[in-house]
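Visitor: One structure, as structure tokens, below. Some questions next.
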Amino acid sequence: MKSRRWPDLALLWQAALVVLPVAILSGVAFYYLREDKASIEQEARERARVLAPELARRLGERLGEILKSRPAQTAPPEGVILDGRIESPPDYPRLPEPPGRLTPSEARANAEFGLLVLESKGAATPGFVQKCVDLAKSAAGAHAESGAPVADLALLLALRHAGPGRMSDALLAGLTRAVLEHPSFLTPELLEAAAGFPIGQLKTGWAAREKTLALMRTLQPLLVDAAGPREIWLRPDAGEYLALCNPIRGGWRVVLPAWRQFQGLLLDALRESRMDLPAYAGAVVEIGGERRRVSGDSPAPASESRAPVLASAPGRLETGSPHPFTLDIVLSDTDLLYAGYRRRTWLTAGLILSAAAAAMAGLAGLWRNSRRQALLSEMKSNFVSSVSHELRAPIAAVRLMAESLDRGKIADEARQRDYFRLIVQECRRLSSLVENVLDFSRIDQGRKRYSFEPADVVALARQAVALMEPCAAERQVRLALEEPPSGAADLRPCWDGHAVEQSLVNLLDNAIKHSPAGAEVKVEIELVEPAMARLWVEDHGEGIPKEEQAKIFDLFYRHGSELRRETQGAGIGLSIVKHVAEAHGGRVIVQSAVGEGSRFALELPL
């Protein structure tokens, strides 16, 4: 039991020596890869931590400068709330509000407007439009009994009687004053009545004022009880707006940049700050309680991306009052940050896999060599046992007969001749066995050399039969050489005659061993086209199972149990026969079936 376990333990120890370095290499490599990734993250955070405070300071200063110096056409809309009322852009009732009592000036304005209405029903005089414009200018702020502004009514009357073509400068000035300075619920009707005139810029200004006014109306109730600068996000249907509310005496001054506009301002400030962010990083501003991405292709909230924050710093936006914000430098492109790390990871993984593959190949080779060594050791042990047995029997017989002759115990001359004949026979048997062992040794070491020269095929067959006659007679087996075919006696192929004769002897020896007493073993020469000769040896033994016919040429293979020694010999004869045939460019043919005997042919080229 111990003898079996020691080789297994040695094999396991060798396998551990092969696998252990690969395991240690893998562990160390992955440890340093993890440390490499941590150092990359730490370096990015340290760089962002140094960059964030200065960037936040410059961003706040530059953004305040841009808002103050922005041209009026591109500046964010602004508004003013005083004493709880929207002063700029001017607010107006959405529905008419009839006054309780007209003032003298309002009564006079209404009377003048009535005269203009009566005049418009007749043939209008050339100065009619100018009269309406003058009344609109003098009656600014006056209302009719219905609550409608008299100035707007006068302008509507003027637009209906204005001729086609270019609008007069006085009428355009009055219309501009009414739309932008004194808007009312009639302003949309004024613009519609003036649709035939070139007032596109006026319509654009009115639309901007209305959008700003709608934002101010939404913001107004939110500032009732507010104190100090405020940042409020407004979300009307048209988009998102950030209301920067600066307190003034009696109210608020409000800057209302749209988010996309504010983001553009932030990007301009970021570029003009002359501080470049790393390519893998982005900037996020938290203002008014919400986070917004500054850099990047999308203006979507940064909270949607869950980008990890590398560093944060506070900043102040100056728009009359300081508005605090927080600048976060976030990791926006992990692929770019870890590009070098991923290359090193793939390279390390490739090296580890290569080392593991090499280790697995080494383990497979170690296991295969171990199996081969164990098999070879077993085969050699069987070989030594077989050779020892094969040598011991003839040596013992020769010694006993020689001792009997030496002591004079055999006086009969006929019996003495039998003893001498038996001694010669056993010596030939020993010589054949020793020759096979020596051939096997030469073949195994690659030192086997063949001497090719013209050989007599028929003579080789006859000599082999003659050599095996005594052995066959001892086992009561008959040897028969069939009549050679015509022309066989004249053949002189270039063979190693001794090797071919030894191969025939080995085939005959096997045939005699496996033949029962009284059986016959035939030797036949067959000529096969083109230029091939087959030397057949046929017996009538027990035959060879089909599944074992491929094994009989293996070294040390013998049919049956080694302990019972069902087959005599060392198990190398047929291996030598196969080697001789292949060395001559031929082959060995086997035809056998269980219970029907066997036929072996040494097929060699002529």
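The values are calculated or read from the model by the stated rules, or taken from the named source; none is laboratory data. Because the structure is predicted, anything quoted here is derived from the model rather than measured. Cβ: placed from backbone, ideal geometry, glycine included. Neighbour counts: every protein chain shown.
Visitor: If you scan segment 58-100, which residues turn out to be of a type in the set (K, R), surrounded by fewer than 17 Cβ atoms within 10 Å (Cβ to Cβ) and more than 26 Å from F185 (Cα to Cα)?
Guide: Within segment 58-100, K68, R70 qualify.
Visitor: What tally of residues in segment 224-258 results from selecting those that are out of contact with any Cys (no Cβ under 8 Å at 6 or more places or on another chain) and among the β-branched types (V, I, T)?
Guide: Qualifying residue count for the region: 3.
Visitor: I'm told D456 meets every condition in (1) modelled with pLDDT of 80 or more; (2) farther than 16 Å from R534 by Cα; (3) of a type in the set (D, E) except one. Can you identify the failing condition by its number?
Guide: So D456 meets the others, but not (2).
Visitor: Also, I was wondering about something else. When only residues in segment 181-206 that are in a loop (DSSP other than H, G, I, E, B) and surrounded by 13 or more Cβ atoms within 10 Å (Cβ to Cβ) count, which is modelled with the lowest pLDDT?
Guide: F197
Visitor: Does E181 count as under 23 Å from T212 (Cα atoms), acidic (D, E) and free of Cβ contacts under 8 Å to residues at least 12 places away in the same chain?
Guide: It is false that E181 is under 23 Å from T212 (Cα atoms), acidic (D, E) and free of Cβ contacts under 8 Å to residues at least 12 places away in the same chain.
Visitor: Something else about it: Among the residues of segment 257-277, count how many are free of Cβ contacts under 8 Å to residues at least 60 places away in the same chain, not basic (K, R) and not in a loop (DSSP other than H, G, I, E, B).
Guide: 4
Visitor: Of everything in segment 573-594 that's β-branched (V, I, T) and not in a helix (DSSP H, G or I), which residue is farthest from the chain's Cα centre (by Cα)?
Guide: Top of the filtered list is V594.
Visitor: Here's a follow-up. Hey, could you check segment 273-284 for residues that are modelled with pLDDT of 80 or more and not aliphatic (A, V, I, L, M) and say which is nearest to the chain's Cα centre (by Cα)?
Guide: Of everything passing the filter in segment 273-284, Y280 is nearest to the chain's Cα centre (by Cα).
Visitor: Can you tell me which residue is surrounded by the fewest Cβ atoms within 10 Å (Cβ to Cβ) among those in segment 231-272 that are more than 16 Å from R291 (Cα to Cα), modelled with pLDDT of 80 or more and among the charged types (D, E, K, R)?
Guide: That would be R249.
Visitor: Taking the options A393, A364, A359, name whichever one is crowded, with 16+ Cβ neighbours inside 10 Å and modelled with pLDDT under 85.
Guide: A359
Visitor: So, in segment 482-498, how many residues would count as being in contact with a helix residue (DSSP H, G or I) (Cβ under 7 Å, 6 or more places away or on another chain) and either polar (S, T, N, Q) or within 13 Å of L527 (Cα to Cα) (or both)?
Guide: Final tally of qualifying residues: 5.
Visitor: Where the second residue is in a loop (DSSP other than H, G, I, E, B) and the first is closer than 17 Å to A136 by Cβ and lies in segment 97-110, which pairs have Cβ atoms under 6 Å and are six or more apart or on separate chains?
Guide: Correct list of pairs: E106/A142; A109/A139; A109/A142; N110/A144.
Visitor: Here is a further query. Is it the case that segment 97-113 has a residue that's in contact with an Asp or Glu (Cβ under 9 Å, 6 or more places away or on another chain) and of a type in the set (K, R)?
Guide: Scanning segment 97-113 turns up no residue that is in contact with an Asp or Glu (Cβ under 9 Å, 6 or more places away or on another chain) and of a type in the set (K, R).
Visitor: So, one more: If a residue must be exposed (fewer than 13 other Cβ atoms within 10 Å of the Cβ) and in contact with an Asp or Glu (Cβ under 9 Å, 6 or more places away or on another chain), how many such residues does segment 207-230 contain?
Guide: Looking only at that region, the number is 0.
Visitor: Follow-up question, since we're still on this one. Would you pick out the residues in segment 487-526 that are among the hydroxyl-bearing types (S, T, Y) and within 19 Å of A455 (Cβ to Cβ)? Break it down stepwise before answering.
Guide: Step one: list which residues in segment 487-526 are among the hydroxyl-bearing types (S, T, Y), which gives 503, 515.
Result: S503, single match.
Visitor: Of everything in segment 325-339, what is without any contact (Cβ under 8 Å) to a residue 12 or more places away in the chain and either among the small types (G, A, S) or outside any helix (DSSP H, G or I) (or both)? Give them in sequence order.
Guide: A339 - this is the single residue of segment 325-339 that is without any contact (Cβ under 8 Å) to a residue 12 or more places away in the chain and either among the small types (G, A, S) or outside any helix (DSSP H, G or I) (or both).
Visitor: So which residues in segment 127-167 are farther than 21 Å from A111 by Cα and surrounded by fewer than 16 Cβ atoms within 10 Å (Cβ to Cβ)?
Guide: Passing the criteria: G163, P164, G165, R166.
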